[in-house]
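S.K.: One structure, pasted below without further comment.
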Amino acid sequence: MLNQRSSFLSNIAVLGVICSSVGFGAFASSAAAGASESSQSQMPFTFGALVAKMKAQAQEAYTEPSGELPEALAALKYDGYRKIAYKRDRSKWKDTENFRVHAFHPGWLFKNPLKIHEVKEGAAQPFVFEAADFDYQDAELTASLSDVSFPGVAGFRLLNPLNVEGRMDELVAFLGASYFRALGAGNVYGLSARALAIDTASGKPEEFPNFTAFYLGKPAEGSDKVTVWAELDSPSVTGAYQFVFEPGQQTEVDVTAHLFFRSDVERLGIAPLTSMYLYGENDRVGFDDFRPEVHDSDGLKLRFANGKTSWRPLSNPDNLQLSFIGARSPAGFGLMQRDKNLENYQDLEARYDKRPSLWIEPLGDWGSGAVMLAEIPTDQEINDNIVAFWSPNEAVKAGDELSFHYKMYWGDEVGRSEQMLMPITQTRSGKAGHSASEENSLTRKFVVDFDASLFAESGLNGEQLVRAKPFIENAALNGTVDFADVRYIEELGVYRVFLDVSRDDLEIPVELRLQLTDGEKAVSEEWLYQWGWSS
């Protein structure tokens, strides 16, 4: 089961929770909108009709989910809920080779029941889930819930023989608001995705759109793909989504989204990602913990339309940090868990070394915009404190209609060696100067390692002259590079860059950029870093 992690967005009057309300919905044509469920047991279904339905719904006033559950379900508490497991012998789609469907039990934090439908041969009908589908592992719970009629469920998950032939492992789970998580082969759950972000870090409360109904396309015999359609609803927007999942070493998800806006949106986030970064090599001050690093993701990777690739190490700042990285129709972006070495985490339970990366590959022209990264202070690893998404420059107004198409890749980092650019392997920081230097809050040393193995494979040896090009954005406002040096370390197989940076004002962040060249062209990823502000 998904662990219950909060989406932690304090300091900006925003508090989202992965268990945010989930609405109730059922597909129906306008002619049958008022029909009873029994008369809708078989309904024609197409994605086009779903898009038309959500477009029409955007013309209507938003209706808040009722949150009404039978008393026995509403009374469920954490201790009881966490014991509940779906019975494998009650799986849906047991007659298919590659996929199974399980539901998440309603109750506890999940108070708005959700309908899930099966689509086969062009028709949709509701999946029926009941208490007999669940193992309560508690005699009192079993007795209290055995006769309860379920008005819906909290969400669902798809299983697939992802790791071992003949064994069904969890592939993807949809649970809470528009959150979902997927896995590549060998991964354990880490970061999450959402369908849409509304007004994140905008200075006003964030709006969390809900998936309100799902339609699961039953795969043909032997198919290695499965399609999920979903309705999205919130006070500001409605949407129709199509997800095509293809499990593998990197599980690929083809996403199509059609959005219809009821009202203006100050900040729209497309393909939003949510993760956790507590501490790592570059900022572990204040954490008394035997583990060297604790994070689900360690960096934001970006690839621009011109082929340039950048790497932005994540941090857990003292204050809210926002970074906007301009990108016209970006070639890709994502939150990576680049460090896959168990020795660097020493956590045998959480297995942060097995957490997946998530790469977003836009399809078509997304126009002008920026990838926004929000880093929120936290002192606990149960809090999701990292958010990243692409935001269009053009204002979103009531009545607008937008469509987006993109692919997601869940698994170990993809495309790491594109264009033979040396990837960044680690970033460290500490006091500037030498070992006898005194602490000074206005100065800082940064040490950045670049993996030289690809460079060496291209026929260039490690001693060839490589130059570091560090510079500060808006340097005239705040900051100076006092010292820069690059060295090849043969024992480690890396080029290491040393930077000493000074600043004029603790209340203005310093944006740093660094890239290695051979004197003419870039030979490494570009390193981006925000040396944050202190209040």
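Where a number appears in this text, it was derived from the coordinates with a stated rule and is not lab data. Please read all numbers here as calculations on a predicted model, not as lab measurements. Because the Cβ atoms are built from the backbone with ideal geometry, glycine has one as well, and the counts that use them run over all protein chains shown.
S.K.: Sequence-distant or interchain residues sharing an amide H contact under 5 Å with E413, placed H: which?
M.R.: Answer set, sorted by chain and number: S357.
S.K.: Which ³J(HN,Hα) values in Hz, rounded to whole numbers, follow from the phi angles of the range 479-488 under the Karplus curve 6.51 cos²θ - 1.76 cosθ + 1.60, where θ = phi - 60° and Gly and Pro get x?
M.R.: Working through the residues one at a time gives x, 9, 7, 7, 8, 9, 8, 10, 9, 8 Hz.
S.K.: Taking 35 Å as R0, compute the FRET efficiency from the Cβ-Cβ separation of E507 and N341 and round it to 0.05.
M.R.: Details: r = 37 Å, r/R0 = 1.06.
Efficiency for this residue pair is about 0.40.
S.K.: Figure the gain on full extension for Y78 and A123 (residue separation times 0.36 nm, minus the Cα-Cα span) and round it to one decimal in nm.
M.R.: Numbers: separation 45, 0.36 × 45 = 16.20 nm, distance 3.73 nm.
Full extension of this stretch gives 12.5 nm more.
S.K.: Using a 7 Å offset from the Cα along the Cα-to-Cβ direction at both K204 and D288, what is the distance between the two label points in nm, to one decimal?
M.R.: 4.4 nm
S.K.: Would you please give the FRET efficiency between K94 and A139, computed as 1/(1 + (r/R0)^6) with r the Cβ-Cβ distance and R0 = 25 Å, to the nearest 0.05? Write down the numbers at each step before the final one.
M.R.: Values: r = 28 Å, r/R0 = 1.11.
For K94 and A139, the calculated efficiency is 0.35.
S.K.: In nm, to one decimal, how far is the modelled label at Q249 from the one at L492, with both set 7 Å along Cα→Cβ?
M.R.: 2.8 nm
S.K.: What is the set of long-range amide H partners of D318 at a cut-off below 5 Å, with H atoms built 1.01 Å from backbone N?
M.R.: Answer set, sorted by chain and number: none.
S.K.: On to the next question. Can you list the residues, at least 5 places off or on another chain, whose amide H is less than 5 Å from the amide H of S178, using H built in the peptide plane?
M.R.: Amide H to amide H, under 5 Å and 5 or more residues apart or across chains, S178 pairs with A195, F211.
S.K.: Could I ask something else about it? Given a Förster radius of 51 Å and the C-beta distance between A52 and A350 as r, what FRET efficiency does 1/(1 + (r/R0)^6) yield to the nearest 0.05? The partial results should precede the final answer.
M.R.: Working: r = 45 Å, r/R0 = 0.88.
It comes to 0.70.
S.K.: So which of K354/K445; K301/K407; K53/K111; K92/K115 end up more than 19 Å apart by C-alpha? Show your work: numbers first, answer last.
M.R.: Numbers: K354/K445 30 Å; K301/K407 15 Å; K53/K111 25 Å; K92/K115 15 Å.
Check vs 19 Å cut-off fails for K354/K445; K53/K111.
S.K.: For the chain, what is the calculated [θ] at 222 nm in deg cm²/dmol (nearest 500), taking -39500 (n - 2.57) for each run of four or more DSSP H residues and dividing by its residue count? Could the numbers behind the result be given before it?
M.R.: Values: 5 runs with 31 residues, N = 535.
About -1500 deg cm²/dmol.
S.K.: I've got another one for you. Can you work out the Karplus-derived ³J(HN,Hα) for every residue in the range 437-446? Use 6.51 cos²θ - 1.76 cosθ + 1.60 with θ = phi - 60°, whole Hz, and x for glycine or proline.
M.R.: Working through the residues one at a time gives 5, 7, 5, 8, 5, 8, 10, 7, 9, 10 Hz.
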